[in-house]
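Q: Handing you this structure, nothing more for now.
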Amino acid sequence: MCFYYEIAPIKIVRSGSDILTYSSAEELKIGQIVEIPVGKKNLIGVVWKKAKKPDFETREISKIISKTPIPKHLIKLSKWISEYYATPLAQVLSGILPSGLNKSRRFSKSEKLEISGLKTAAKTDRNTESCSIFLYTEEQQNTFKKLDNINSGTVLLHGITGSGKTLIYINQAEKALNTGKSAIILVPEIALTSQLVLNFKKYFSNIKIIHSHQTEAERHRTWLKILNDPEPQVIIGARSALFAPVRNLGLIVIDECHEPSFKQDQTPKYSALRASSFLASNFNFKAIFGSATPLVEDYFLAKLYEQNGGNEIIKLTKLAKKEAQPAKIELVNLTKKDSKNHRFFSKKMIAKMEQTLSENKQVLIYHNRRGSASITLCHNCGWTALCPNCFVPLTLHADKFLLTCHICGHKEHPPISCPDCGEAEIIHKGIGTKAIEEEIRKLFPQKKIARFDADSDKNETVEKLYNEIRNGKIDIIIGTQVVAKGLDLPNLKTVCVVQADAGLALPDFTSSERNFQLISQVIGRVGRHSNESNVIIQTYQPEAPSIQFGLNQDYTGFYNFEIKNRQKQNYPPFVYLLKLTCVYKTEISAVRNSQKEAGEIRKKFSKDIQIFGPTPAFYERVGETYRWQIVIKSKKRAPLLEIAREFQGKPQWRVDLDPPGLI
């Protein structure tokens, strides 16, 4: 007997053909992964649905890769992402499924039993603690009651830093697992998985971790273990963990849900928040979005939803520990000449660091710019070291004595004299985390110092050194935004922000919001415990709203200020956005093509949209290519979807619907 199926390949075969029909000698289940012949090649595909015998000749499925089908919720989610973001289904499936599915992997004997379904990874009769014995605050107990009355849909958990959101996640995960369902917990940074896993391991044993630092083989092995595990499980990971093939998904938690990393920047360009909301509403479970500083756009939509009878915004306004003392916050105005006696640090900042270290407590220094100096120039003629590919200033990394482009990765040695005028005096300006580390080592040579940023050695990340950081073995922690969020360090006494206004210069509608979030988050690293703590914030713009609201931890004030600006300037949540980026080897081709396409869009859609550009992208030249962009606003999503579909098939164009920013 012959069976027929529609198969969705994970590579685009031809434009507009998401599904192909094949025959099979054996009956298959929807969601099974198979290998199919396409032309002279074999491709991986997903069994999409049963089909009647067609009136044309079909080829036979060449191999069954997985006997266990991927869950129904992933099939529906793939279809939704394809439609909602106007993205070919093949590209969505290639993003959802791990690489190397048709490769054979080595497994230990116990892993083989686990994958065959003869042995479960870890029974849910946990030899760990139960959440019910924990002493919760009154506010947390009220939150549980509210959450227990919500059966499905999205819930925004707006809790200040240190209010005990993690214990709420654990409580909700335990309730899901007790009903035989699994939970997915998403975090924005791999660095935060260590802390979260430690917390969850006290209560659960069947935990699996997914993140981008795993090798292809590790990710594939983990994926197979999840797929074949019949027991309820907890999946912890970054954005892609949303696609873990768990059976009976019963809860999604997104911690620090305001982070831009929850929007994928490569095709398929989906938002993990929107995808989670779709799953929660269609499969009858809760998606909890937790943050101290929710995105203005998300807060606006949650308020609107609440007003129309939907799930309420749950607020946590008190610290989880009664004995916790709020941090003492001081602002240093760098425009005053007597504020500094060092090129980076004010007198107040150095004094607080010295006092803290003398008490054997930790100091955290935050600056959201890596490297040693952001500009290298000639003192005589003004020549500047630029990347030959991207035409942006090269950043000096003094530890390696290299100038590096942070866009394309180009590296070169700094010149010993000016290439233009021959002057020997080459100067390096700007502040980066490496320069801060160098100066701190001079000021405190006896102390153990660690720097965490994108240049950190793979064995010296927050994730790898988490226990040393938490136990107070590292005296001074220096870093970019990776150290600003989520970490709970009991020995930390002083937080120093080197330049709080560094992000405000970026020409983007989200710059002020991002700056507010980072200041609020970094302040939230202290004031969680009974010991006294300090925050010293240096800035050249002390009156900037994002800095003032951030200092006072005033989310409501910032939200009211920012939402008025968004409405006035016509930005989300009051409009939908589409960003189209044209990429060509030559500038003239990028300009002409983008002008031509902008003209076509204006002719066809002039009534329903506002079109801006074409203009050079913020990074106009990236790795020997030129980039021009068109930004389109619309009160309706439909015209943007239609435009996006037209541009998806054009190889020179990058399409981003609902971009988190315009840079």
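Q: Under a 1.4 angstrom probe, counting protein chains only, how are 22, 619 ranked by accessible area, largest first? Write out the running numbers ahead of the final one.
A: On the way: 22 15, 619 100 Å².
So, going from the largest accessible area down, we get 619, 22.
Q: Taking a ≥ b ≥ c as the square roots of the eigenvalues of the Cα gyration tensor of segment 213-358, is the shape rounded (a/c under 1.5), prolate (a/b larger than b/c) or oblate?
A: Working: a/c = 2.35, a/b = 1.73, b/c = 1.36.
In terms of gyration-tensor shape, prolate.
Q: What is the antiparallel percent of DSSP beta bridges lying wholly in the chain, to the nearest 5? Let's see the in-between values first.
A: Values: 55 of 106 bridges.
Taking every DSSP beta bridge within the chain, about 50 percent pair in antiparallel fashion.
Q: Taking residue 635 as the anchor, which aspartates and glutamates have their alpha carbon closer than 15 Å to its alpha carbon, excluding any fewer than eight residues away along the same chain?
A: 297, 608, 658
Q: Give me the percent relative contact order of segment 504-663, please, defined on Cα pairs under 8 angstrom at least 6 residues apart. Walk me through the numbers on the way to the answer.
A: Details: 204 pairs, mean separation 40.9, N = 160.
It comes to 26 percent, rounded to a whole number.
Q: What is the extension gain from residue 2 to residue 568, computed as 0.36 nm multiplied by their sequence separation minus the C-alpha to C-alpha distance, in nm to one decimal?
A: 197.5 nm
Q: Still on this structure: Sticking with the crude label model, points 7 Å out along Cα→Cβ, report the distance from residue 72 to residue 663 in nm, one decimal please.
A: The answer from the label model is 4.4 nm.
Q: Mind giving me the FRET efficiency for residue 506 and residue 441? R0 is 45 Å, r the Cβ-Cβ distance, nearest 0.05 is fine.
A: Values: r = 30 Å, r/R0 = 0.67.
With a Förster radius of 45 Å, E is 0.90.
Q: Any chance you could check the Cα centroid distance between segment 392-427 and segment 230-299 for me, in angstrom?
A: 42 Å
Q: Between residue 12 and residue 333, what is the label-point separation in nm under the 7 Å Cα-to-beta-carbon projection?
A: The two pseudo-label positions are separated by 5.6 nm.
Q: Is the shape of segment 1-78 rounded, prolate or oblate, going by the alpha carbon gyration tensor and its root eigenvalues a ≥ b ≥ c, with a/c under 1.5 for rounded and a/b larger than b/c for prolate?
A: Working: a/c = 1.39, a/b = 1.11, b/c = 1.25.
Taking the square roots of the gyration eigenvalues as a ≥ b ≥ c, segment 1-78 is rounded.
Q: I've got another one for you. How high is the relative contact order of the chain? Use alpha-carbon pairs under 8 Å, at least six apart in sequence, and give a whole percent. Could you put the intermediate results ahead of the total?
A: Numbers: 1311 pairs, mean separation 77.9, N = 663.
Computed value for the chain: 12 percent relative contact order.
Q: Can you give the accessible area per residue of the chain, in Å², using a 1.4 Å probe?
A: Values: 30440 Å² over 663 residues.
On a per-residue basis, the chain sits at 46 Å².
Q: Quick check on segment 490-603: take the gyration tensor over C-alpha atoms, sort the square-rooted eigenvalues as a ≥ b ≥ c, and tell me if it's rounded (a/c under 1.5), prolate or oblate. Show your work: numbers first, answer last.
A: On the way: a/c = 3.37, a/b = 2.25, b/c = 1.50.
Prolate shape, in that a/c is at least 1.5 and a/b is the bigger ratio.
Q: Also: Post the alpha-carbon centroid distance, segment 486-546 to segment 192-210, in whole angstrom.
A: If we compute the Cα centre of each part, the gap is 28 Å.
Q: Could you calculate the contour length gain from residue 104 to residue 589, that is, 0.36 nm times the residue separation minus the distance between their Cα atoms, to one decimal place in nm? List each step's numbers first, then the result.
A: Details: separation 485, 0.36 × 485 = 174.60 nm, distance 4.48 nm.
Value of the extension gain: 170.1 nm.
Q: Still on this structure, I have one more. For segment 305-359, which trypsin sites (Lys or Arg not before Pro) are both in a DSSP coil and crowded by at most 15 other Cβ atoms within 10 Å? If you can, show how the numbers build up before the last one.
A: Working: sites: 315, 318, 321, 322, 328, 336, 337, 340, 343, 347, 348, 352; in loops: 318, 321, 322, 336, 343.
The qualifying sites are 321, 322, 336, 343.
Q: Sequence-distant or interchain residues sharing an amide H contact under 5 Å with residue 86, placed H: which?
A: So residue 86 has HN proximity to no qualifying residue.
Q: DSSP loop (so not H, G, I, E, B), at most 15 other Cβ within 10 Å: list which trypsin sites (Lys or Arg not before Pro) in segment 591-629 pass both filters. Spell out each step's value before the answer.
A: Values: sites: 592, 596, 602, 603, 604, 607, 621, 627; in loops: 607.
Listed in order of number, the matching sites are 607.
Q: Next question. So which aspartates and glutamates pass the test for residue 400, namely a Cα distance under 19 Å, with those fewer than 8 places away in the same chain ruled out?
A: Partners found: 412, 437, 438, 439, 453, 455, 457, 460.
Q: Same structure, new question: Quick one: pull the percentage of alpha-carbon pairs in segment 51-96 with a separation above 15 Å.
A: Numbers: 634 of 1035 pairs.
That tail contains 61 percent of the Cα-Cα pairs.
Q: Continuing with the same structure: At a 10 angstrom cut-off on C-beta neighbours, averaged per residue, how do the peptides 504-512, 431-439, 571-579 rank from highest to lowest? Could you put the intermediate results ahead of the total?
A: Details: 504-512: 15.8, 431-439: 21.4, 571-579: 19.0.
Ranking the peptides 504-512, 431-439, 571-579 by packing returns 431-439, 571-579, 504-512.
Q: Now, a different point. Ignoring ligands, DNA and RNA, what percent of the 1.4 Å accessible area of the chain is carbon and sulfur?
A: Details: 14620 of 30440 Å².
Ligands and nucleic acids excluded, carbon and sulfur give 48 percent.
Q: Further question: Working only with C-alpha atoms, what are the Rg and Dmax values of the chain, expressed in angstrom?
A: In Å, with Rg to one decimal and Dmax whole: 26.6, 88.
Q: Follow-up question, since we're still on this one. Under the rule of -39500 (n - 2.57) per DSSP H run of 4 or more residues, summed and divided by the residues of the chain, what mean residue ellipticity at 222 nm is obtained, to the nearest 500 deg cm²/dmol?
A: Computed mean residue ellipticity for the chain: -9000 deg cm²/dmol.
Q: What is the sum of charges around residue 389, taking Lys and Arg as +1, Asp and Glu as -1, for the other residues whose C-beta is under 15 Å from the C-beta of residue 389?
A: Working: positive: 411, 585, 621, 627; negative: 412, 587, 620, 624.
Within the 15 Å Cβ shell, the charges total 0.
Q: Next question. Between residue 265 and residue 604, what is the FRET efficiency for a Förster distance of 22 Å, r being their Cβ-Cβ separation, to the nearest 0.05? Provide the component values of the computation, followed by the final result.
A: Numbers: r = 28 Å, r/R0 = 1.26.
It comes to 0.20.
Q: Protein chains only, probe 1.4 Å: how do 378, 408 rank by accessible area, largest first? Numbers along the way, then the final one.
A: Details: 378 5, 408 50 Å².
Greatest to least solvent exposure: 408, 378.
Q: Please compute the modelled spin-label separation between residue 40 and residue 312, points set 7 Å along Cα→Cβ, answer in nm with one decimal.
A: Here the answer is 6.7 nm between the modelled labels.
Q: Based on the mean of other beta carbon atoms within 10 Å per residue, what is the order of 417-423, 221-227, most packed first? Numbers along the way, then the final one.
A: Details: 417-423: 12.6, 221-227: 19.1.
In descending order of packing, they fall as 221-227, 417-423.
Q: What FRET efficiency, computed as 1/(1 + (r/R0)^6) with R0 = 51 Å and r the Cβ-Cβ distance, is obtained for residue 49 and residue 467, rounded to the nearest 0.05?
A: Numbers: r = 49 Å, r/R0 = 0.96.
For residue 49 and residue 467, the calculated efficiency is 0.55.
Q: Measuring from a point 7 Å past the Cα of residue 218 along Cα-to-C-beta, which residues in segment 446-479 have an amide N at less than 17 Å?
A: What the label zone holds, given the 17 Å backbone N cut-off, is 456-467.
Q: Need the full-extension length gain, residue 637 to residue 360, defined as separation in residues times 0.36 nm minus the C-alpha distance. One decimal, nm. It would help to have the intermediate numbers written out before the result.
A: Details: separation 277, 0.36 × 277 = 99.72 nm, distance 5.58 nm.
Full-extension gain reported as 94.1 nm.
The values are calculated or read from the model by the stated rules, or taken from the named source; none is laboratory data. None of the values given here were measured: they were computed from a predicted structure. Methodologically, a virtual Cβ is constructed for each residue, glycine included, from the backbone with ideal geometry; neighbour enumeration extends over all protein chains shown. Ligands, DNA and RNA are stripped out before the accessible areas are found, and what is left, the full protein with its side chains, is counted by its heavy atoms. Shrake-Rupley method; radii C 1.70, N 1.55, O 1.52, S 1.80 Å.
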